[in-house]
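> Dumping the structure here so I can ask a few things about it.
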Amino acid sequence: MTALFDPRDPAVRTDPYPIYRRLRETDPVHWSHFGYWVLSRHADVDAVLRAPGVSSEFYRNEVWAERRGGLDSPLVSSVRRWMLMLDGPAHRRIRGVISKVFTRGAVERLQPRVAAEANRLLDAMGEGEIDLIDSLALPLPVTVTCELLGLPTDNRVQCRQWTEQISRVIDPSITPDDVAEMNRAETEFRSYVAGELDRRRSASQDDILSLLVHADVDGVRLTDEEIIANVLFLFVAGHETTVNLVGNGMLALLRHPAQLELLRSNPALIPGAIDEITRFDAPVQIVSRLLDEEVVLDDAVLPAGAKVMLLFGAAGRDPSRYAEPESLDVTRTGIKTLAFSGGPHYCLGAALGKMESAVVLGELLGRYSKIELTGDELVWRPNVSFRGLERLPLRLFR
Ligand code: HEM
């Protein structure tokens, strides 16, 4: 029997949208024989994100934890302290501390630094044939995230290698070999960050590491385990997503040249275009939830105890929410993108990620009179939760 949705199917990585359409049209509240529900309509995805009694604590599911090395493995010991994987007061305790860094004013203050770094990378990139991912889309958010956290930028390549492996923890298609590598990467990252924490204890700096070391929540300090786990998570959250937003966005514009020209002639449209791009080709395609209580949808009831997979990419192209959802329209209004999630786990870095992406697209369109896609075959990264290109080969003309 062919599954209606199989995360291991290579087509889910290369072009999931026909699969999503079939799901929405034939079985929008789909029970998968893999043991979870799969939701593809905008209203249903939105409803589950906001419903009470919905949990992100996957490590509580024995099968989930065992598949990743067990509850006490380095990987799961870290992941079960990530704010992303916590519910209720335990989640609010960490989110409350970290949210101080992501105020609107703080993001605005970072803008000139982001623009300067983007311009430095663009100067180095020059013109002719380049790989946008390697030259700009990846190094920019890696550097910005390192600086925000307070991790030395000299070691950013190594940090990126560790966290790239670890980021697959939420990927439903991981293999035992991946898990062994992820556990090794976690152990190495942990000892690296522990050294940085010791330095912050003796001399505080203006960075997230110092904020976390000195944070006091109702008279209780965060433990080293909590701090290291959340530094790791923030490193992943800060760049794995932004690289995909820039790469998927540029690709979408190259495939819709009239839209690209519209942005070139009217850069004021770029911030709105970023929302449209996240609707059109979401950087995070899938998040999952465990239901502690039943959730009542318009035409179905999901039982307590169920595991639910929410397809953001499918929700973004739901025709009952968006007119002509398969078209990219940078002037579209009324977008309620779910690409940054919703409810208690709404992305804390959404404004920062959008700002970084807007800076990159704006600078690219401003600098180059013509941008062409080169090469025939696009290679997508081996991660179905995070949708992004391995490489985006371009030819740039001034
Ligand atoms: C630019 C593209 C980005 C996208 C598409 C994105 C997407 C998401 C999504 C979907 C979630 C929630 C997952 C869930 O509900 O289970 C999330 C959470 C989060 N993101 Fe982002 N993100 C982006 C950039 C960033 C950046 C730049 C940062 C920080 C430097 C960041 C920090 C966070 C944090 C801290 C959370 C956890 C919130 C919580 O659990 O309460 N994100 N992000």
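> Please list, in chain and number order, the residues 5+ apart from VAL384 or on another chain whose amide H is under 5 Å from its amide H, with Hs placed from the backbone.
Under 5 Å from the amide H of VAL384: SER173.
> Another one. How long are the semi-axes of the ellipsoid equivalent to the stretch 39-101, from square roots of 5 times the Cα gyration tensor eigenvalues, in whole Å, largest first?
On the way: eigenvalues 103, 72, 17 Å².
Over the Cα atoms of the stretch 39-101, the semi-axes work out to 23, 19, 9 Å.
> In square nanometres, what is one fourth of the surface area of the convex hull spanned by the alpha carbons of the stretch 61-191?
Working: hull surface 41.2 nm².
Its average projected convex-hull area is 10.3 nm².
> Scan the stretch 152-207 for trypsin sites (Lys or Arg not before Pro) in coil per DSSP, keeping those whose Cβ has at most 12 other Cβ atoms within 10 Å, and list them by number.
Working: sites: ARG156, ARG160, ARG168, ARG184, ARG190, ARG199, ARG200, ARG201; in loops: none.
Passing both the DSSP loop test and the Cβ count: no residue.
> Another question, then. Any chance you could get the radius of gyration and Dmax over the Cα atoms of the chain, in Å?
Rg, Dmax (Cα atoms, Å): 20.7, 61.
> Of the options VAL101, ALA115, SER40, report the single residue whose Cα projects farthest towards the positive end of the charge dipole of the stretch 1-139 (beta-carbon charges: Lys, Arg +1; Asp, Glu -1).
So the residue we want is VAL101.
> Another question, then. For the stretch 286-297, take each phi angle, set θ = phi - 60°, evaluate the Karplus expression 6.51 cos²θ - 1.76 cosθ + 1.60, and give the result in whole Hz per residue in order, putting x for glycine and proline.
Values, residue by residue: 9, 10, 10, 9, 10, 9, 7, 10, 5, 10, 9, 9 Hz.
> Suppose each label sits 7 Å from its Cα in the direction of the beta carbon; what would the ASP218-ASP177 distance come out to in nanometres?
Roughly 4.7 nm, to one decimal.
> Continuing with this model, one more query. Under 17 Å from a label point 7 Å along Cα→Cβ of GLN111: give me every residue in the stretch 269-291 with its amide N that close.
What the label zone holds, given the 17 Å backbone N cut-off, is 269-275.
> What list of ³J(HN,Hα) values in whole Hz, one per residue of the stretch 269-275 in order, does the Karplus curve 6.51 cos²θ - 1.76 cosθ + 1.60 (θ = phi - 60°) give from phi, with Gly and Pro shown as x?
With the stated coefficients, the stretch 269-275 comes to 7, 4, x, x, 5, 5, 4 Hz.
> Could you work out the helix-only [θ] at 222 nm for the chain, with each DSSP H run of four or more residues adding -39,500 (n - 2.57) and the total divided by the number of residues, to the nearest 500 deg cm²/dmol? Spell out each step's value before the answer.
Working: 16 runs with 199 residues, N = 398.
So the calculated ellipticity at 222 nm is -15500 deg cm²/dmol.
> Quick one: compute the contact order of the chain, relative version, from alpha carbon pairs under 8 angstrom and 6+ residues apart, as a percent.
Numbers: 612 pairs, mean separation 103.3, N = 398.
With pairs under 8 Å counted, the relative contact order is 26 percent.
> Now, a different point. May I ask you to list the GluC sites (Glu not before Pro) in the stretch 330-384 that are in a DSSP loop and have at most 12 other Cβ atoms within 10 Å of their Cβ? Before the final figure, lay out each step's value.
Numbers: sites: GLU356, GLU363, GLU372, GLU377; in loops: GLU377.
Answer by residue number: GLU377.
> To continue, here is another question. Starting with the fewest neighbours, write out HIS239, HIS42, HIS345 ranked by other beta-carbon atoms found within 10 Å of each beta-carbon. Intermediate results must be reported in sequence, preceding the final value.
Values: HIS239 29, HIS42 24, HIS345 20.
Fewest-to-most ranking of HIS239, HIS42, HIS345: HIS345, HIS42, HIS239.
> Mind checking the stretch 128-187 for GluC sites (Glu not before Pro) that DSSP puts in a loop (not H, G, I, E or B) and that have at most 10 other Cβ atoms within 10 Å?
On the way: sites: GLU129, GLU147, GLU164, GLU181, GLU186; in loops: none.
Hits after loop and neighbour filter: nothing returned.
Computed from the coordinates by the stated procedures, all read-outs in this text should not be read as laboratory data. Quantities reported herein were computed from a predicted structural model and do not represent experimental measurements. All Cβ positions, glycine included, derive from the backbone under ideal geometry; neighbour counts span all protein chains shown.
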